[in-house]
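Working notes, beginning with the structure itself.
The values are calculated or read from the model by the stated rules, or taken from the named source; none is laboratory data. Model, not experiment: these values are computed from the prediction. Here the Cβ positions follow ideal geometry from the backbone for every residue, glycine too, while neighbour counts run over all protein chains shown.
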Amino acid sequence: MKGDRCAGITLVELLVAMTIAAIIGTMILQMVINFQSRILAEVSRNDLQDRAERLIRFLANDIRDSAFLLGSVPRVAGGASLALVHDSLSGDPLESLPFSIISDDSSDEDDRLTIVKAVSFAPALRLAQPGLSGEAELVLNRRPNRSPGSSRELLPAPEAINHLVFANHRVCYTVQFADLSLQLSQPLAEGVPADTELLGARAYSYQLEPFSDSKRLRRDDFSSRDILDDVVDGLQFEYLLGDGSLIDQPARPQDVRGVRISLLVRDLRPDRNYTNATIYTLGNRSYGPFRDHYRRSQVSQLVEVKNHGLQ
């Protein structure tokens, strides 16, 4: 009768089993990593597209109201061109704004655009009493908001209280003094009913400036230079005229009926599995190939500026 044998595995069998398990584990881990990378890349692409679309919607909403209550050629009562203090520049220069759409296509790469429009104060400023034609002193429903050491309106921006537009006509008035009693530099050209809203004449500029290895998109409201996005590689504007033509630099800004905005927005994070060799065409400029590992989204929108067509 044979003796009982001990059940078990040999060292060789154990090593073979561990090797197979390690190989299978490595394959599964690589699959998980690849799957995770694809998911992260997809999330990154979606975030990039969302950023690009949010930016162009913001610009479009701003530009759509160009010339609101001011017309294509903004004027101060008496016929002079509108001029606003550019507080966000060194020395606070007085900047002339002869048109409500001022294009700049002179740069080797990116365009710049300045628009002018009337913007409501917050809360709204209104006349407490009617203003008669020829009067220069009016009564407001509230005192203008003030920053420390300043007599200027905070919203929509400090210098806006210096130039006012009445909601029922498009003449701009320069302000000498603003409290509950409002003193204009020029008398009213026509009567203004009580409860008429007063709006501030405002200017906004959009441009790119170098930042790190990309560019920043800024919105300058003549009071502060806000950063809209830190990673934008291209900005172009084209102008739709009344005859249907689309041009890069209008000879007569007052003929503009629409603005086409084009943005090239870069992803925030590189993708090591992707190389960007694309050449992007925005307006009359080409960008790329960048030969890097960043994805980019090119977005465009044509915005009708209805108020700019009103003379």
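Assorted remarks:
- Taking first residues from region 269-281 that are over 30 Å from Glu238 (Cβ atoms) and partners that are in a loop (DSSP other than H, G, I, E, B), the Cβ contacts under 6 Å between residues at least 6 apart in sequence or on separate chains come to Pro270/His293; Pro270/Tyr294; Asp271/His293; Arg272/His293.
- For Ser103, the criteria (1) surrounded by fewer than 16 Cβ atoms within 10 Å (Cβ to Cβ); (2) over 21 Å from Leu184 (Cα atoms) hold in every case but one, which is (1).
- Pair list, Cβ < 8 Å and 6+ apart or interchain, from region 72-95 residues that are more than 26 Å from Val259 (Cα to Cα) and free of Cβ contacts under 8 Å to residues at least 40 places away in the same chain to residues that are of a type outside the set (Ser, Thr, Tyr) and in a loop (DSSP other than H, G, I, E, B): Asp92/His86; Pro93/His86; Leu94/His86
- Some residue of region 270-281 being within 18 Å of Ser66 (Cα to Cα), out of contact with any Asp or Glu (no Cβ under 8 Å at 6 or more places or on another chain), of a type in the set (A, V, I, L, M) and surrounded by fewer than 16 Cβ atoms within 10 Å (Cβ to Cβ): no
- Count of region 174-190 residues which are hydroxyl-bearing (Ser, Thr, Tyr) and out of contact with any Phe, Trp or Tyr (no Cβ under 8 Å at 6 or more places or on another chain): 2
- Within region 109-141, being charged (D, E, K, R), within 21 Å of the chain's Cα centre (by Cα) and surrounded by fewer than 20 Cβ atoms within 10 Å (Cβ to Cβ) holds for Glu109, Arg112.
- Looking only at region 78-97, residues that are in contact with a strand residue (DSSP E or B) (Cβ under 9 Å, 6 or more places away or on another chain) and more than 24 Å from Pro187 (Cβ to Cβ) come to 6 in all.
- Residues satisfying the stated conditions in region 190-234, i.e. outside any strand (DSSP E or B), within 22 Å of Leu70 (Cα to Cα) and either in contact with a Lys or Arg (Cβ under 6 Å, 6 or more places away or on another chain) or of a type outside the set (A, V, I, L, M, F, W, C) (or both): Glu190, Gly191, Pro193, Asp195, Thr196, Asp221, Ser223
- Counting only strands (runs of 3 or more DSSP E) that fall entirely inside region 96-183 and contain at least 2 residues that are at pLDDT 90 or above and under 30 Å from Thr281 (Cα atoms), the qualifying elements are 101-104, 112-126.
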